[in-house]
1. What do you reckon, is S65 polar (S, T, N, Q), within 20 Å of the chain's Cα centre (by Cα) and in a strand (DSSP E or B)?
2. Give segment 1-56 a look and list any residue that's modelled with pLDDT under 70 and under 30 Å from G148 (Cα atoms), or say none.
3. Return the residues of segment 278-292 that are at pLDDT 80 or above and either surrounded by 15 or more Cβ atoms within 10 Å (Cβ to Cβ) or assigned to a helix (DSSP H, G or I) (or both); say none if nothing qualifies.
4. Can you pull out every residue in segment 93-121 that is assigned to a helix (DSSP H, G or I) and hydrophobic (A, V, I, L, M, F, W, C)?
5. Mind listing whichever residues of segment 161-217 are of a type in the set (D, E), free of Cβ contacts under 8 Å to residues at least 12 places away in the same chain and within 27 Å of S111 (Cα to Cα)?
6. In segment 122-168, which residue that is of a type in the set (A, V, I, L, M), in a helix (DSSP H, G or I) and over 11 Å from the mean Cα position of the chain (by Cα) is farthest from A82 (Cα to Cα)?
Amino acid sequence: MHQDNQMSGYAAASRDSTYRQDDLDLLDVIAQLWRGKIIILSTMLIALLLACGYLAVVKEKWTSSAIVTLPAAGQVANYNAALSVLYEQNPRDKPALGELQEQLFGRFSASMSALASELKNQGEPQSLTVEPVSQNSNDSLRFAFVAGSAEEAKKALNGYISKVNDDVVEDYGADIRRSLSVKTRELSDSLAAQKQVALDKKEQRMAVIRQSLKIAEEANITHSQLSQAEFLSDDTLYLLGVSSLKAMIANEDTRPLTFNDLYYETQRALLSLTHLKIQVDNLQSFRFISQPDTPFRRDSPKRSLTLLLALVFGGVIGSAVVIGRFASRQYRLRGK
C-alpha cells in the first residue's frame, strides 16, 4: 500500500514537472518572439512592400454585365409586315409574331455564344460569358465582360452586343430580300405562263374559226341557216356561214386576251411585292432588361485583402525565422 502511494506521488510529480516545462517552453517562445520583433516587423514590411509592388503591376479586372430578353413586338413590326406581304398567297407558311421573336433572339443568343468562344481562343483571351438568367428558360440571358477598367468593360460589352445585333439584323434583311427576289421572279414567271396560255387559247380559237370558214366556203354557206347558235360546237361553227365567220375572225383579232381570277390575283401580289420597301432599321433581335452597367468594385485584385494577407504572411515567416533560430540555439546548448 505504501509502495502504491509512493508510485502515485512520483506520477503526479512527473505530470507537474511536464506542465511546468510546457509553460516554460511557451513562455520562452513568447519571449523569443518579443526579442525577435525587429525581424518579424522587417519580414512583414518586406511582404507589405512586395504586395504593394504586385498591386502596382497586376492588371485590374472589372466586370460589366447586362440582361437581355426577346425583342418586343414593336421592334419586329416592320419585318413582320413585310413577311405578311411576302406570304400573302400562302399565309399559313408565314411564321407567327411570337415565333419570329423567338427566331431572332435564338440567332442573337447563338451568335453571342460563338463570339464568346472566339474571344476566349484569341492570343490574348478575353472573358465574355453568356448564361441564362433562369435555368429553366432561355427567354432571357445575362452577359458579363471582364476588362482592365470599369468604363472599358462597359464600352466593350455594349459594343459586342450592338455588333452581334447588327449582324443578325443584316442577315435577316438579306434573307428577306433574297426571298422577295425569288417570290417576285416566281410571280413574274407565273404571269408570263398564264399570259402564254391565254395567247395559246386565242390562237387555238382563231384556228378553229378559220377552219370553219374554209369549210363554209367550200360548202358555199354564205349566210347562217340557224335560228339559234348558242350550242354550236367547234365542229359545227361552219353552219354560221362565211359572213358571220369572217366577222368573228375580225373580232377575235382585236379582242384583248381573256384571263381568269388567278391571273389578276397573281398580278396584285406581284405589284404588292414590287412596291414593298424592306426596312430593317428598327429591327432588333433582343430587348434590354438591364443595359451594360458601370461596375463600382473591381473583381481583382482585392487591395485590402491582399495587404492583410501580406502582413499575415510576413508575420508568419518572421515568426518562423525567430522560432527556428531559438530552436537551433537550444539544440546546440543541449549538445554541449
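The values are calculated or read from the model by the stated rules, or taken from the named source; none is laboratory data. Everything numeric here is computed off the predicted structure, so don't read it as measured data. Don't worry about glycine lacking a Cβ; one is built from the backbone with ideal geometry, like all the others, and counts go over all protein chains shown.
1. yes
2. Here is the first cut: in segment 1-56, the ones modelled with pLDDT under 70 are 1-25, 54-56.
Within segment 1-56, Y54, L55, A56 meet the criteria.
3. Listed by number, the residues that qualify are L283, Q284, S285, F286, R287, P292.
4. Within segment 93-121, L97, L100, L104, F105, F108, A110, M112, A114, L115, A116, L119 meet the criteria.
5. Correct list: D166, D175.
6. Kept after step one, since they are of a type in the set (A, V, I, L, M), are these residues of segment 122-168: 128, 130, 133, 141, 144, 146-147, 150, 153, 156-157, 161, 164, 168.
Subsequent filtering for residues that are in a helix (DSSP H, G or I) retains 150, 153, 156-157, 161, 164, 168.
Cutting the leftovers down to over 11 Å from the mean Cα position of the chain (by Cα) gives us 150, 153, 156-157.
Working: A150: 41, A153: 37, A156: 33, L157: 31 Å.
Looking at the filtered set, the residue picked out is A150.
Residue-wise test of (1) surrounded by 12 or more Cβ atoms within 10 Å (Cβ to Cβ); (2) out of contact with any strand residue (DSSP E or B) (no Cβ under 9 Å at 6 or more places or on another chain).
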{"site": "L50", "(1), (2)": "yes, yes"}
{"site": "G53", "(1), (2)": "no, yes"}
{"site": "S65", "(1), (2)": "yes, no"}
{"site": "Q75", "(1), (2)": "yes, no"}
{"site": "N80", "(1), (2)": "yes, yes"}
{"site": "D93", "(1), (2)": "no, yes"}
{"site": "F105", "(1), (2)": "yes, no"}
{"site": "L141", "(1), (2)": "yes, no"}
